[in-house]
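Undergrad: The structure that follows is given in the form of structure tokens.
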Amino acid sequence: MNNEELKIKITESFPRAIFEEGGEWVNIFIDASEWKSVATTLRYEPGLVFDFLFCVTCIDWKTDFTMVYHLTSTIHRHTIVVKARLDHVLPEIETVSDLWRTADFHEREQYDLFGVIFLHHPDLRRLLLTDDFVGYPLRKDFEDPVNMIRL
Amino acid sequence: MLEEIGTTDEGNMIINIGPQHPATHGVLHLVMTLNGETIIKTEPHLGYIHRSIEKMCESLSYRQFIYVTSRMDYLSSHINNHGCALCVEKGLQIEVPERAQVIRVILDELTRIASHELWWGAMAMDLGAFTPFFHAFRERETITSIMEETCGARLTMNYIVPGGIMMDIHPDFQKRVKEFILLFKSKFDEYNQLVTGNIIFQNRMKGVGILSREDAISFGCTGPTGRGSGLECDIRKLYPYEAYKKVEFEEVLETAGDSFSRYMVRVNEMLQSIRIIEQLIDNIPEGEFLAKTKAVLKLPKGEFYQRVETARGEFGVYIVSEGGTTPYRIKFRSPGFSNLSALSHMVKGGKLGDLVATMGTLDLVIPDIDR
């Protein structure tokens, strides 16, 4: 499916999704509370079948967070980028580790570095940093007086 | 006896493998729950060499950050650099001279062979044979010498800059690469005689660490790990970039999904890499090797994603730019990270001794996972 066909299909399935122009792939913005149902549709709907989650990113915009999920289909070979905006004080989003099992690790990483809470995640612990580490280093307001991470 | 030491309530034993363990090839820490010799649960603990490269890159310019990426997957440093340069070039819409495109791809493939050689030697060593390591390093040494002559470094090449390559190739480059191709072809049969055909190796690898195609997709496995399970995931074929558009090669696929399949994919991939180099080495176009770019690079506001095929799988660079001289947020999708997420599933229910055979064929490079 090319990008134009995909856009039509997405508009049918999720009337409330907002498209973002630019980039080589279809970019959609959704409400964070809808993510789980959107993800389930994207994963299982015939014609879409986004079965390959290859990148999970969180971006700190200082006033809010944006979660970015890069999905592709190994059957139809189309790619979509799904974004959801999260609150800065209490960033929460549903986990998708039951739909794409690799999300387990990716979500733990984003929890570790940004403090995003993935609801109903089976094992939400720090992955890269030590368990007693205080703070979330990839947030823009993080300052560490001991370890220099700014060059 | 085993049940008496460090047991859980169910009578299972918990042991630590790593962080300092020869079979993990770096500082990977696995906490394993065992019932006798059978693995019940594996829990990887990462981050022993986490340097927060993504955060560092936020304060580096678009010319500087490429050098940090060599320190992630140090065995495919050239390909990491390539991915980053392509992403910056995509943002700035720089047209890379054809000469640079071809040289980049030749060096990519040499890097891939060098990486697979090291893996092949280390893999055999994991399973108890020491000699293959020296056989592999004999040929790998030739590649590192070629790299040293042209790039000035043996491991962290840093040869690629946005717009092309840093300097022109060494005058002897083509001659040396052709010599290497002849050498490699004459030695390749030795590899198969020594390891591939060896019945002890086959017995240790066949039917071990099975990853089905569905699981490979679900766990986001790419590279030889995914292709060993029959998943077509070669970025060079699916989304060709630069000179890969015009070369002919086969995507090596195996369907069994066990350790031996992943082994065969890597071994045969070396031959395909030789095939790509053979097609390009006599056809390096004359001309410029570096496009004219501004002294200070500024990416327009927006998001750019570029993926390349490293020796371990799909490497992605995701740059979010606010229009400044440094990236606002940069994300590296490292192949090893996703491949490792499948490890606990693959070894579950198997024997402890098979863990090494499974982990070896995943070809984990820990700095790539920890970043």
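Every number in this text was worked out from the coordinates using simple rules, so none of it is lab data. Given the structure is predicted, the values throughout are model-derived calculations rather than measurements. We place every Cβ from the backbone using ideal geometry, glycine too, and count neighbours over all the protein chains shown.
Undergrad: Could you work out Rg/(2.2 N^0.38 Å) for the stretch B:18-174, with Rg from alpha carbons only?
TA: 1.26
Undergrad: Same structure again: Efficiency by 1/(1 + (r/R0)^6): what FRET value for residue B:175 and residue B:129, r their Cβ-Cβ distance, R0 = 41 Å, to the nearest 0.05?
TA: 0.75
Undergrad: Multiply the residue gap between residue B:232 and residue B:64 by 0.36 nm, knock off their C-alpha separation, and tell me the result in nm, one decimal place.
TA: 57.1 nm
Undergrad: Nearest 10 degrees, 0 to 90: what angle lies between the long axis of helix B:131-151 and the longest principal axis of chain B (Cα atoms)?
TA: 20
Undergrad: Computed over the Cα atoms, what is the radius of gyration of the protein assembly as shown divided by 2.2 N^0.38 Å, N being its residue count?
TA: 0.96
Undergrad: While we're looking at this one, here's another question. What list do you get for B:358, B:38 if you sort them by fewest beta carbons within 10 Å?
TA: B:38, B:358
Undergrad: In whole Å, what are the Cα extents of the stretch B:136-208 along the three principal axes, biggest one first?
TA: Result for the stretch B:136-208: principal-axis Cα extents of 48, 26, 17 Å.
Undergrad: Determine, for B:221, B:84, the number of other Cβ atoms within 10 Å of each Cβ, and report the residues in order from fewest to most.
TA: In order of increasing Cβ crowding within 10 Å: B:84, B:221.
Undergrad: Also, quick follow-up: Between 0 and 90 degrees, rounded to the nearest ten: what's the tilt of helix B:77-92 against the longest Cα principal axis of chain B?
TA: Roughly 50 degrees between the two axes.
Undergrad: Out of B:79, B:49, B:276, any idea which swings most in a Gaussian network model of chain B, alpha carbons joined below 10 Å?
TA: In this elastic network of chain B, the residue with the biggest mean-square fluctuation among B:79, B:49, B:276 is B:49.
Undergrad: Next question. Hey, for a label at residue B:348 modelled as a point 7 Å past Cα toward Cβ, could you say which residues of the stretch B:187-219 have their backbone N under 18 Å away?
TA: Label zone hits: B:208-219.
Undergrad: Quick one: grab the alpha carbon gyration tensor of the stretch B:20-70, order the square roots of its eigenvalues as a ≥ b ≥ c, and give me rounded if a/c is under 1.5, else prolate or oblate depending on whether a/b is larger than b/c.
TA: Judged from the Cα gyration tensor, the stretch B:20-70 comes out prolate (a/c at least 1.5, a/b above b/c).
Undergrad: What span do the alpha-carbon atoms of chain B cover on each of the three principal axes, reported in whole Å from largest to smallest?
TA: For chain B, the Cα extents along the three principal axes come out at 70, 50, 33 Å.
Undergrad: Then there is this: I'd like the trypsin sites (Lys or Arg not before Pro) in the stretch A:1-47 restricted to DSSP loop residues with at most 14 other Cβ atoms within 10 Å, sorted by number.
TA: Loop-located and lightly packed - A:16.
Undergrad: May I pose another question? For the stretch B:26-67 and the stretch B:123-199, what is the separation of their Cα centres, given in Å?
TA: The stretch B:26-67 and the stretch B:123-199 have Cα centres spaced 27 Å from each other.
Undergrad: Now, a different point. May I ask for the equivalent-ellipsoid semi-axes of the stretch B:141-260, computed as the square root of five times each C-alpha gyration tensor eigenvalue and listed largest first in whole Å?
TA: One finds semi-axes of 32, 22, 13 Å for the stretch B:141-260.
Undergrad: In the stretch B:48-144, which GluC sites (Glu not before Pro) are in a loop and have at most 15 other Cβ atoms within 10 Å, using DSSP for the loop call?
TA: Answer by residue number: B:95.
Undergrad: Quote the relative contact order of chain B in percent (integer), defining contacts as alpha-carbon pairs under 8 Å separated by 6+ residues.
TA: That works out to 26 percent.
Undergrad: Further, regarding this structure: Evaluated at 20 °C with a viscosity of 1.002 mPa s, what Stokes-Einstein diffusion coefficient in µm²/s does the stretch B:218-371 have when Rh comes from the Kirkwood expression over alpha-carbon pairs?
TA: Answer, rounded: 121 µm²/s.
Undergrad: Considering chain B as a Gaussian network with a 10 Å cut-off on Cα pairs, which listed residue, B:105, B:265, B:247, attains the greatest mean-square fluctuation?
TA: Looking only at B:105, B:265, B:247, the largest GNM fluctuation is found for B:247.
Undergrad: For chain B, set up a Gaussian network in which alpha carbons nearer than 10 Å are linked by springs, and say which option among B:341, B:186, B:212 fluctuates the most.
TA: Maximum among the listed residues: B:186.
Undergrad: Let me know the shape class of the stretch A:1-62, please: from the alpha-carbon gyration tensor, a ≥ b ≥ c as square roots of the eigenvalues, rounded when a/c is under 1.5, otherwise prolate if a/b is greater than b/c, or oblate.
TA: In terms of gyration-tensor shape, rounded.
Undergrad: Which residue, chosen from A:59, A:41, A:117, occupies the Cα position most advanced towards the positive end of the dipole of chain A, where the dipole is computed from +1 (Lys, Arg) and -1 (Asp, Glu) charges on Cβ about the Cα centre?
TA: Highest projection toward the positive end goes to A:41.
Undergrad: Specify the angular offset, from 0 to 90 degrees and rounded to the nearest 10, of the alpha carbon long axis of helix B:98-126 from the longest principal axis of the alpha carbons in chain B.
TA: The helix B:98-126 is inclined about 20 degrees to chain B.
Undergrad: In µm²/s, what is D for chain A at 37 °C and 0.692 mPa s, where D = kT/(6 pi eta Rh) by Stokes-Einstein and Rh is the Kirkwood radius from Cα pairs?
TA: Diffusion coefficient, whole number: 201 µm²/s.
Undergrad: Quick one: divide the alpha-carbon radius of gyration of the stretch B:244-308 by 2.2 N^0.38 Å and tell me what you get.
TA: Its radius of gyration relative to the 2.2 N^0.38 Å reference: 1.73.
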